[in-house]
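Below: the structure, in structure tokens.
Every number here is computed from the coordinates shown, using simple stated rules; none is lab data. What you see is a predicted model; the values in this text were computed from it and never measured. Positions of Cβ are generated from backbone atoms using ideal geometry, with glycine treated the same way; all protein chains shown enter the neighbour counts.
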Amino acid sequence: MTNAILTGLMLGGMYALIAMGLTLQYGVARIMNLSYGEFLIAAAFASHWLFTGWAISPFVGLALVVPLAFVLNFAIYKLLLTPLVRRAPNRDALEVDSILATFGLTFVIQGSMLALFGGAYYSYSFLAFPVQFLGETVAANRLAALGITILLGLALYAALTRTRAGTAVRAVAVDPFAAQLVAINVPQASALTFALGGALVAAAGVLVSTFLTFSASSGVVFTMKALIVVVMGGVGNMLGCLVAGLALGLSEALVASYVDPGLTLAVNFALFLAVLLVKPAGLLGRATR
Amino acid sequence: MAPVDAPWEEKMMTFLTRRTALLAAATCAATLGLTAIAEAQTSIKIGYAISRTGPNTGGAAVTTIPNYELWVKEVNAAGGIKLGDKRVPIEVVQYDDRSNAEEAVRALERLINQDKVDFILPPWGTGLNLAVGPTLNREGYPHLAATAVTDRAPELAKRWPNSFWLLGTSADAAKSLVELLNKLRDEKKIGDTVAMVSIADGFGIDLSSAARPALTNAKFKLAYDKSYPIGTQDLAPIVNEIKALNPDVFIAFSYPPDTLALTEQSRIAGLNPKVFYTGVGTAFPLYKQKFGKNTEGVMGIGGWSGDSPAIKDYLARHKAAANGAEPDRWASAVTYASLQMLQQAIERVGKIDRAAVIMDLQTGTFDTVIGKVKLENNMPTRYWWVGQWQDGEFYGIAPAKNEGARAAIVPKPAWVAP
Amino acid sequence: MSARIAGFGATALAALALLALVPRLGNAYYLALAISLLQYTVLATAWGMFSGPTRYVSLATTAFFGVGAYTVAVLGEILPWPLVLLTAAALGAIVAGIVGLSTLRLSGVYFVIFTFGLTELIRQLVVWFEVNKSRVLGRYVFVNITQADIYWQLLVLTAAVFLLGWLIARSRLGFALRVIGEDETVAKHCGINTTFAKVALFTISATVMTLVGAIMAPRWTYIEPSIAFNSMISFQVLIMALLGGAHRLWGPVLGAVPLTLLFELLSARFPNTFTIILGCIFLLIVYMLPRGVAGLFEKLSTTAGGKPTQRVAA
């Protein structure tokens, strides 16, 4: 039982980690980013390249990849997405436009990765040894990823609730128009939050690459997983993201251990659908409209 | 379009996008215009549609694309395919089927009707090979399916006499594996507890449905028998449960990402049965690259005669042509052999006569990297079904009667720290 | 007015008759391309029928397409063809009815992702059932249906969809939907049964999608969940409809036809850099055509009609 729960926590932590960036991008910056998973895979490739080519540990890789992703995403928001934000008359229109634009971006990023790395699977071994944790044997790399996820989550939570900038970001998430009235620079806050989301997904990509096999075309899997976690937790809600991720991870591990591994994904989706039917705005989301 | 008081970025954007769009349109138009140039019959046109994007990419990029490219390069370097007394170079037309059955069918119809190719090389994977089967049959093109494993292969070969199923049936694969286990048990090297997992996809289900009765008939105890869906990201619960059962034999009919994940997790959890067998991906060079010394003794589907000079030579040529990338040790060599068969059949016929080429493929004997091949009912008579990593090479070990079969190393050595 | 309708009807009939001759060209590739064009035209138009007026963005196209294809895989060799189609349509309608009733409380992105989750759930259940109950994954469909038959069936379906869309737009239902699209609260206050209107339209649109799946299935011989429930179909249809302009009945066609041709052209000319070029072109279209292709047409016609002296701005 401990083992199943531990496995579920590690898996759930990974889901939450994958989704944290998207909840910022969608919940605050209002960009429905379909190319999200591609950014994750790009970071995974970067980490693979640093590790196998230059023997740079993924932990050091984090320090290189994450800031780079922040800058890159900031530029993408400023150059590609700002025109869409400006011309959109309302939130629905922006949603449609951002879906279309980021869908195009998906192709560009995926095509570039295919050209650079080809279509084959990639995988490398890092911290791939067993460790004893709470009396159970688990993989060190997954445990390390869980640890970093928790640190990132706490840091982000503290930043959002304890700092002035964080308060501004939360204000934008609640109501961009009203935020403007209290002298918050909404475009700037949105751009920074989008970039922060991009940095988070890059972190997720680096960590995930230490234990998952990936290829240039596996991005969409992560986009959809992230969307499901975000929506299930409540858009723009960090805590909801964590709760939803853990719920999915735990249910998957428990079903695999005690019911039938063939039903894990079916149960995951059923859980997700059930949550939405009972709470249409997600577990911790605010009821709007 | 942009109002006068629009910010400069927006105006810039509108201006830039408009210009680029015009440029793109012009480029497209120019490319279109080039297509209609007629050509004299000085080359053999060979077409293929292959998955360069989508979920099949991982398999096609390892097994199929490098072999197609290697073969074309080698043939053209030698002056081309011999038609009568002159050599004619190969001209390639290729499309991306986006891992989609509908796209694959349409791409082939395009190759046949628009590009008027002389021969067609098949797509990667069982599903797509079955999807394009009727089209190739209707149009009378030889169909050398080298990456499809289906139990319907003998029936399909009858239905479509132009189709050749070079990778065999899953029933055969399961039978061969169980025979090996039986022999090992008779030699008192293993007990009779088996744990089996399979991926919930055509491949895994076909193989596990064939292995299940074969194992029970041979009086093996099936202690664990479950499937898991594609896209499962943590297989720890399965491995942990199996470890608790302490089986003698672990069988996984898995796909590449899960083959890697299952091996990794087994090493972490310390699941080290006497026979450790995993599915597609075990024979990939990536497997050796990732697990190094830990591959020793791991069994998997496929294998090849690693000691044969023809295979050694093929390995060297493949590495040289593909930037040092190695082929996989199962369907790669078969794919390359299928191309050699096609070439030899065309050369024997001496002209572009597809019906005669099909006839020659059905009846002729071919000299290939996997040895002499003579088809019976459009299928080979010899396959490698179980391979084992021994000292950094994935040797075929079953069926034992195959030439070059090595003895199995059982029990599998313990996992070592990486 | 009625004269205009009659004229329009006559033109449509003539076009239909002309299109019906495509298989006579005797070129299997043109036929295949025409099948693709019709397939996406029907799917995108059906998608727009529901999502255009209600502004609910649905990713469930694949679910219904897959249900249709799987119905054929299971029953194709047992029942006569018309009965197979009828069963598929009925199944699609039932699933859509249940889904429609259960998703009404959701809005915006919640609805989007719900429909995606639903598709995956159906796919996982089909897989689980095949693995554990029927013990086959991947079914073979050997039925006597030619490519031309598939084309004609799709053509009839296309005509039916447009006729249906036109009739709905003129009916009370269509009016109700437009009010809902503008403001759902207002619609409720006007005494419109919003629940009924939305579920009815969702069901009609889903039934059409199911039929497309069923009609297309014999084209591939082999059906497995990853082929029938290919989530790319949902995305492509959504993109086509949005690009064409989902606010008009004829909008999605304007996205489906050029995009299908673009995919075809690019994958043929640039098999290696196909995705990058496609992505770039895609981005350009998004920035150039803020209201879809339909929006462009509307703009052109108002500029031309309203101010004849004004030059078309470059």
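Scanning chain B for GluC sites (Glu not before Pro) in DSSP loops with at most 15 other Cβ atoms within 10 Å, what's the longest stretch left with none?
So the longest stretch without any such site is B:188-402.
Once the convex hull of the alpha carbons of the range C:2-234 is built, what does its volume come to per residue, in cubic angstrom?
126
Out of B:ALA210, B:ALA320, B:ALA61, any idea which swings most in a Gaussian network model of chain B, alpha carbons joined below 10 Å?
B:ALA320
With a/c under 1.5 counting as rounded, go ahead and sort chain B into rounded, prolate or oblate using the C-alpha gyration tensor (a ≥ b ≥ c being the square roots of the eigenvalues; past the cut-off, prolate if a/b is larger than b/c, else oblate). Mind dumping the intermediate values first?
Numbers: a/c = 2.13, a/b = 1.36, b/c = 1.57.
It comes out oblate by the Cα gyration axes.
Which cross-chain or sequence-distant (5 or more) residues have an amide H under 5 Å from the amide H of C:GLU77, H modelled 1.01 Å from N in plane?
Close amide H contacts, sequence-distant or interchain: none at all.
Put +1 on the Cβ of every Lys and Arg and -1 on every Asp and Glu Cβ in chain C; which of C:ILE285, C:LEU25, C:ASN230 then has its Cα farthest towards the positive end of the dipole?
C:ILE285
If I model a spin label as a point 7 Å beyond the Cα along the Cα-Cβ vector, how far apart are those points for B:ARG382 and C:THR146 in nm?
Label at B:ARG382, label at C:THR146, 4.5 nm between them.
Using alpha carbons only, how many angstrom separate the centre of the range A:210-289 from the centre of the range C:118-192?
After rounding, the separation between the Cα centres reads 27 Å.
Considering only DSSP states other than H, G, I, E and B, which trypsin sites (Lys or Arg not before Pro) in the range C:118-151 qualify as loop sites with at most 15 other Cβ atoms within 10 Å?
Hits after loop and neighbour filter: C:ARG135.
Using 7 Å Cα-to-Cβ label points, what is the B:ARG348/A:THR2 separation (nm, one decimal)?
6.7
Please give every one of the aspartates and glutamates within straight-line cross-link reach of B:LYS158, meaning a C-alpha to C-alpha distance under 13 Å, and leave out same-chain neighbours fewer than 8 residues apart.
Qualifying aspartates and glutamates at Cα under 13 Å: B:GLU376.
Under a cut-off of 18 Å between alpha-carbon atoms, report the aspartates and glutamates in cross-link reach of B:LYS221, not counting same-chain residues fewer than 8 places apart.
B:GLU179, B:ASP186, B:GLU187, B:ASP192, B:GLU241, B:ASP248
What FRET efficiency do you get for C:ARG4 and C:VAL186 if R0 is 35 Å and r is their Cβ-Cβ distance, rounded to the nearest 0.05?
For C:ARG4 and C:VAL186, the calculated efficiency is 0.65.
Along the positive direction of the dipole of the protein assembly as shown (beta-carbon charges: Lys, Arg +1; Asp, Glu -1; about the Cα centre), which of B:ASN162, B:TYR287, A:ALA195 reaches farthest?
A:ALA195
Amide H to amide H under 5 Å from A:PHE133: which residues, 5+ apart in sequence or cross-chain, H placed 1.01 Å off N in plane?
The answer is A:VAL138.
Mind listing the phi-derived Karplus ³J(HN,Hα) values for the range C:174-190, rounded to whole Hz, using 6.51, -1.76 and 1.60 with θ = phi - 60°, and x for any glycine or proline?
x, 5, 4, 5, 5, 5, 4, x, 5, 6, 5, 5, 4, 4, 5, 5, 6
Relative to the longest principal axis of chain B, what angle (0 to 90°, nearest 10) does the C-alpha long axis of helix B:236-245 take?
Helix B:236-245 and the main axis of chain B meet at about 20 degrees.
On a full-extension model of 0.36 nm per residue, what is the gain between C:ALA15 and C:LEU262, subtracting their alpha-carbon distance, rounded to one decimal in nm? Let's see the in-between values first.
Working: separation 247, 0.36 × 247 = 88.92 nm, distance 2.31 nm.
Full extension of this stretch gives 86.6 nm more.
Ordered by residue, what ³J(HN,Hα) values in Hz, to whole numbers, does the range B:264-278 give under the Karplus form 6.51 cos²θ - 1.76 cosθ + 1.60, where θ = phi - 60° and Gly and Pro are x?
Values, residue by residue: 4, 5, 5, 5, 5, 7, x, 7, 9, x, 5, 10, 10, 10, 10 Hz.
Based on alpha-carbon centroids, what's the gap between the range C:1-59 and the range A:36-109 in Å, whole number please?
The distance from the Cα centre of the range C:1-59 to that of the range A:36-109 comes to 38 Å.
Could you calculate the FRET efficiency of B:ALA77 with B:ASP367 from 1/(1 + (r/R0)^6), where r is the beta carbon distance between them and R0 is 22 Å, rounded to 0.05?
The formula returns an efficiency of 0.70 here.
Just check the range C:206-259 against the gyration tensor rule for me: Cα atoms, a ≥ b ≥ c as the square roots of the eigenvalues, rounded for a/c under 1.5, and otherwise prolate or oblate depending on whether a/b exceeds b/c. Don't jump to the answer; show the numbers that get you there.
Numbers: a/c = 2.49, a/b = 2.05, b/c = 1.21.
Prolate, because a/c is 1.5 or more and a/b exceeds b/c.
Nearest 5 percent is fine: what portion of the DSSP beta bridges confined to the protein assembly as shown is antiparallel?
45
Take every Cα pair under 8 Å in chain A that's 6+ residues apart, average their separations, divide by the length, and report that relative contact order as a whole percent.
39
Please work out whether the range A:118-185 counts as rounded, prolate or oblate from its C-alpha gyration tensor, where a ≥ b ≥ c are the square roots of the eigenvalues and a/c under 1.5 means rounded, while otherwise a/b larger than b/c means prolate and anything else oblate?
Oblate shape, in that a/c is at least 1.5 and b/c is the bigger or equal ratio.
If amide H atoms are built 1.01 Å from N in the plane of the peptide, which residues on other chains or at least 5 residues away come under 5 Å of the amide H of B:VAL298?
B:TRP389
Counting other C-beta atoms within 10 Å, and keeping those with at most 13, which DSSP coil GluC sites (Glu not before Pro) do you find in the range C:49-153?
C:GLU77
Taking R0 as 41 Å, what FRET efficiency do you get between C:ASN193 and C:VAL74 from their Cβ-Cβ distance, rounded to the nearest 0.05?
With a Förster radius of 41 Å, E is 0.70.
Can you put C:ASP149, B:ASP367 in order, fewest other beta carbons within 10 Å first? Please list the in-between numbers first.
Numbers: C:ASP149 15, B:ASP367 12.
By the 10 Å Cβ count, ascending: B:ASP367, C:ASP149.
At each listed q (0.07, 0.10, 0.13, 0.14 Å⁻¹), what is the log10 of I(q)/I(0) that the Debye formula gives for chain A modelled as equal alpha-carbon point scatterers?
-0.25, -0.52, -0.90, -1.04
Before anything else, pin down the relative contact order of the range C:2-234: Cα pairs under 8 Å, at least 6 apart, normalised by residue count, whole percent.
Relative contact order for the range C:2-234 comes out at 41 percent.
If you rank C:HIS189, B:HIS143, C:HIS247, A:HIS48 by fewest surrounding Cβ atoms within 10 Å, what's the result?
Numbers: C:HIS189 10, B:HIS143 25, C:HIS247 18, A:HIS48 22.
Starting with the residue having the fewest Cβ neighbours, the order is C:HIS189, C:HIS247, A:HIS48, B:HIS143.
Could you tell me which trypsin sites (Lys or Arg not before Pro) in the range B:67-131 are loop residues by DSSP with no more than 12 other beta carbons within 10 angstrom of their beta carbon?
On the way: sites: B:LYS73, B:LYS82, B:LYS86, B:ARG87, B:ARG98, B:ARG106, B:ARG110, B:LYS116; in loops: B:ARG98, B:LYS116.
Here the sparse-neighbourhood loop sites are B:LYS116.
Reported to two decimal places, what Rg/Rh ratio describes the protein assembly as shown when computed on Cα atoms with Rh from the Kirkwood expression?
On the Cα set of the protein assembly as shown, Rg over Rh gives 0.96.
What angle, in degrees between 0 and 90 and rounded to the nearest 10, separates the Cα long axis of helix B:202-217 from the longest principal axis of the Cα atoms of chain B?
Relative to chain B, helix B:202-217 is tipped by roughly 20 degrees.
Within the set B:LYS219/C:LYS133; B:LYS243/B:LYS274; B:LYS288/B:LYS372, which residue pairs have Cα atoms separated by over 22 Å?
B:LYS219/C:LYS133; B:LYS288/B:LYS372
Using the 10 angstrom Cβ neighbour count as an exposure proxy, how do A:VAL28, A:VAL231 rank, fewest first?
Lowest count first: A:VAL28, A:VAL231.
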